[in-house]
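The values are calculated or read from the model by the stated rules, or taken from the named source; none is laboratory data. As the structure is a computational prediction, the values presented were derived from the model and not from experiment. FYI the Cβ positions are ideal-geometry reconstructions off the backbone, even for glycines, and counts take in every protein chain you see.
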Amino acid sequence: MNDRPRSWPDEARKSLRGMVQPVAALGHWLDKVDPGTHRRIKGLRLVTAYGIAAALGTLQDIAKSVPSSVSLSYLAGSFALWASVSESKTTRTESSRDLMLLSFAAALGAVLFVVLSKPLQLIGRTGPELVLVTGAFLVGYLKRFGVLGAGIGSQIYIGQLLAYGARLATDDLSAIGIAALVAVLASVVPRMLSGPAERPANAVMLAAGPEPLPGRCSPEFIMGLQATIGALLICLLSGPIHLQESAWAITACTYVVAGSATGTIQRVRRRILGTLVGVPIGLACLPIAEHAPLLIWAAAALAMVIYAMALPERYDIACGAFAFTLIVTLAASGVHSISLLAARAWETLLGGSLGLAAAMLIFPLRTSSPTK
C-alpha cells in the first residue's frame, strides 16, 4: 500500500518555486536581449570561428614558419572572431565574401602598424600608439561606404591593435599573412553551416550616420576627425598620467563616437556602465581563472555569445560582456595584476569622456529629426 501523500508539503513547493524563479528570470532576460534565435546562432558562430582558428594555429605544419614569439592562434583567432562580428549579410555567398575581405582588412591593419610604427619608435613610448590614431579615423570615415565599409574600418583598427599588443615587427609579416588565411577558413566554414538561420536585419544600425548637410564635410569624415583628435589626446596624456594600457582608452574613445552628439552621449553612458559591471565580475572570477582555466574559457565563450546577442540595441550589455571576457581571458593567459586588469575600467572611462568631449566640441553632429 502506497502511503505517499498526493501533494507535496507547502515547504517543498515553496522551495521548488524558489529554484525555478531565477531560471525563469534568466529566460525572460535572454528573451529581451535576443527575441529570436538568429543572433544566438551568430554568437555561437563567432565563438566557433575563434576556436577553429586557434586550433589551426597550433598545428605544427602551419605554425612552423612563424616566429616563436608570435602566437598564431591568438592572431588568427582574433581576426576570425571580429570578422564574424562585423559581417552582416543574409546569404552564404555574400557573407563568405565579406568574411574574406574583413579578415584581410585586419591583416592590412596589422601590416600598417608594423610598417608605420618602426620610424615612430624614435619618438619614444607613445610613437607606436600614434599608428592607432590612423585606425581610429578609419573606423568613423569608412562608414560612408555602408555596413561593409564600417566593418573594414573596424577591422583595420583591430589589426593595428593586435599588432600593437603583440609587439609585431617586420619579421612577423609572414605570420600576419598566414593568420589572415587561417581566419578566412575558420570564419567561412561556420557561416556556411549556419545558413539562412541568421537574419542580421539590424546590422545597418551599427553604420547609420546623419544625413550630409550642404556646405559641410561629410558626417563620416567628421566622425573620423572626432575620434582621431580624442585618440591623439590620449597619446599625449599617456606619459604624464601613466596609463598602463593606453590602447584601451583609445579603443573606448574610437568606438563611442556616433553619428550625432546625442548618440555619442548614449554610447558613452552605456559603454561606461557595461564596463563598470563587467570588470568587477571578471575580477571576482580571478581565482577560478587561475585554478580552473577550462571553466573560465567556457564562461568567456558564453559572454561572447551574449555580446553578439546584445548588439546593437543593448550596447551596455555587449560592453559588459566583452569587458568580462577580456578580464578573464587575460587572467587565464597568465596576467594576474589587479592594478592592470582594473585599469580597464578607469581607462575606458577616460577614453569615453574624451570621445564625448570631441563629439560635443569638434564640429558637433546633430540628427535632422528627433526620431533618428
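Can you pull out every residue in the stretch 49-87 that is among the polar types (S, T, N, Q) and farther than 17 Å from Leu102 by Cα?
If we filter the stretch 49-87 for residues that are among the polar types (S, T, N, Q), which is where we start, we get 58, 60, 65, 68-69, 71, 73, 78, 84, 86.
Result: Thr58, Gln60, Ser65, Ser68, Ser69, Ser71, Ser73.
Has the stretch 301-310 got any residue that is over 19 Å from Ile241 (Cβ atoms) and not in a helix (DSSP H, G or I)? Walk me through how you get there before you give the answer.
First, pick out the residues of the stretch 301-310 that are over 19 Å from Ile241 (Cβ atoms): 301-310.
Remaining after also requiring not in a helix (DSSP H, G or I): none.
No; the residues of the stretch 301-310 include none that is over 19 Å from Ile241 (Cβ atoms) and not in a helix (DSSP H, G or I).
So Ser71 ticks every box in (1) among the small types (Gly, Ala, Ser); (2) touching a residue at least 60 places away in the same chain (Cβ under 8 Å); (3) touching a Ser or Thr at 6+ places or on another chain (Cβ under 6 Å) but one. Which box is left unticked?
(3)
Which one is modelled with the highest pLDDT, of the residues in the stretch 209-232 that are farther than 24 Å from Trp248 by Cα and of a type in the set (Gly, Ala, Ser)?
At the first step, the residues of the stretch 209-232 found to be farther than 24 Å from Trp248 by Cα are 209-219.
Now drop any that are not of a type in the set (Gly, Ala, Ser), which leaves 209, 215, 218.
Details: Gly209: 54, Gly215: 58, Ser218: 85.
By that ranking, first place goes to Ser218.
Can you confirm whether Ser117 is within 23 Å of Val188 (Cα to Cα), in contact with a helix residue (DSSP H, G or I) (Cβ under 7 Å, 6 or more places away or on another chain), buried (at least 21 other Cβ atoms within 10 Å of the Cβ) and not assigned by TED's automatic domain parsing to the domain that holds Leu232? Before the answer, list the steps.
Details: within 23 Å of Val188 (Cα to Cα): no; in contact with a helix residue (DSSP H, G or I) (Cβ under 7 Å, 6 or more places away or on another chain): yes; buried (at least 21 other Cβ atoms within 10 Å of the Cβ): yes; not assigned by TED's automatic domain parsing to the domain that holds Leu232: yes.
Judged against the criteria, Ser117 is not a match.
Restricting to the stretch 40-88, what's the tally of residues that are modelled with pLDDT of 85 or more, in contact with a Lys or Arg (Cβ under 9 Å, 6 or more places away or on another chain) and assigned to a loop (DSSP other than H, G, I, E, B)?
Adding up the residues that qualify gives 1.
Six or more apart or on different chains, Cβ atoms under 7 Å: show the pairs whose first residue is in the stretch 133-159 and on the phi > 0 side of the Ramachandran plot and in contact (Cβ under 8 Å) with a residue 60 or more places away in the chain and whose second is assigned to a helix (DSSP H, G or I) and surrounded by fewer than 24 Cβ atoms within 10 Å (Cβ to Cβ).
none
Just give me the residues in the stretch 249-280 being among the hydroxyl-bearing types (Ser, Thr, Tyr) and at pLDDT 90 or above, in sequence order.
If we filter the stretch 249-280 for residues that are among the hydroxyl-bearing types (Ser, Thr, Tyr), which is where we start, we get 251, 254-255, 260, 262, 264, 275.
Correct list: Thr251, Thr254, Tyr255, Thr275.
Return the residue satisfying two criteria in turn: it lies in the stretch 229-245 and is assigned to a helix (DSSP H, G or I) and of a type in the set (A, V, I, L, M), and of such residues it is surrounded by the most Cβ atoms within 10 Å (Cβ to Cβ).
Filtering the stretch 229-245 for residues assigned to a helix (DSSP H, G or I) gives 229-238.
Checking which are of a type in the set (A, V, I, L, M) leaves us with 229, 231-234, 236-237.
Values: Ile229: 20, Ala231: 33, Leu232: 20, Leu233: 20, Ile234: 30, Leu236: 12, Leu237: 16.
Per the stated criteria, the residue is Ala231.
Could you grab me the full set of residues in the stretch 75-103 that are surrounded by 22 or more Cβ atoms within 10 Å (Cβ to Cβ) and small (Gly, Ala, Ser)?
Ala76, Gly77, Ser78, Ala80, Ala83, Ser84, Ser86, Ser88, Ser95, Ser103
Can you name the residue in the stretch 189-201 that is in a helix (DSSP H, G or I) and surrounded by fewer than 23 Cβ atoms within 10 Å (Cβ to Cβ) and, of all such residues, is modelled with the lowest pLDDT? So that I can check it myself, show each step before the final result.
Residues of the stretch 189-201 that are in a helix (DSSP H, G or I), as a first pass: 189-197.
Now drop any that are not surrounded by fewer than 23 Cβ atoms within 10 Å (Cβ to Cβ), which leaves 189-190, 192-197.
Working: Val189: 94, Pro190: 92, Met192: 89, Leu193: 86, Ser194: 80, Gly195: 70, Pro196: 68, Ala197: 60.
Looking at the filtered set, the residue picked out is Ala197.
Just one of the numbered conditions (1) within 16 Å of Ala345 (Cβ to Cβ); (2) without any contact (Cβ under 8 Å) to a residue 60 or more places away in the chain is not true of Ile272; which one?
Only one criterion in (1) within 16 Å of Ala345 (Cβ to Cβ); (2) without any contact (Cβ under 8 Å) to a residue 60 or more places away in the chain is unmet by Ile272, namely (2).
Against the definition (assigned to a helix (DSSP H, G or I), in contact with a Leu (Cβ under 8 Å, 6 or more places away or on another chain), of a type in the set (S, T, N, Q) and within 23 Å of Val139 (Cβ to Cβ)), how does Thr264 come out, yes or no? Don't jump to the end; show me each part of the working.
Numbers: assigned to a helix (DSSP H, G or I): yes; in contact with a Leu (Cβ under 8 Å, 6 or more places away or on another chain): yes; of a type in the set (S, T, N, Q): yes; within 23 Å of Val139 (Cβ to Cβ): yes.
Answer is yes for this residue.
With the checklist (1) touching a Cys at 6+ places or on another chain (Cβ under 9 Å); (2) without any contact (Cβ under 8 Å) to a residue 12 or more places away in the chain in hand, flag the one item Ala331 doesn't pass.
Going through (1) touching a Cys at 6+ places or on another chain (Cβ under 9 Å); (2) without any contact (Cβ under 8 Å) to a residue 12 or more places away in the chain one by one, Ala331 breaks only (2).
List, please: which pairs have Cβ atoms under 9 Å, are six or more places apart or on different chains, and start with a residue in the stretch 167-184 that is on the phi > 0 side of the Ramachandran plot and end with one that is modelled with pLDDT under 95?
Arg167/Ser69; Arg167/Pro128
Residues that are more than 18 Å from the chain's Cα centre (by Cα) and under 22 Å from Arg39 (Cβ atoms): which helices (runs of 4 or more DSSP H) entirely in the stretch 90-184 hold 1 or more of them? Step through it out loud before you land on a result.
Details: elements: 92-120, 129-141, 146-166.
The qualifying helices (runs of 4 or more DSSP H) are 92-120, 146-166.
Under the condition of being within 17 Å of Gly282 (Cβ to Cβ) and aromatic (Phe, Trp, Tyr), which residue from the stretch 302-358 is surrounded by the fewest Cβ atoms within 10 Å (Cβ to Cβ)?
We begin by selecting, within the stretch 302-358, every residue within 17 Å of Gly282 (Cβ to Cβ); these are 302-307, 310, 316-349.
Adding the requirement that they be aromatic (Phe, Trp, Tyr) leaves 307, 322, 324, 346.
Numbers: Tyr307: 25, Phe322: 22, Phe324: 28, Trp346: 16.
Per the stated criteria, the residue is Trp346.
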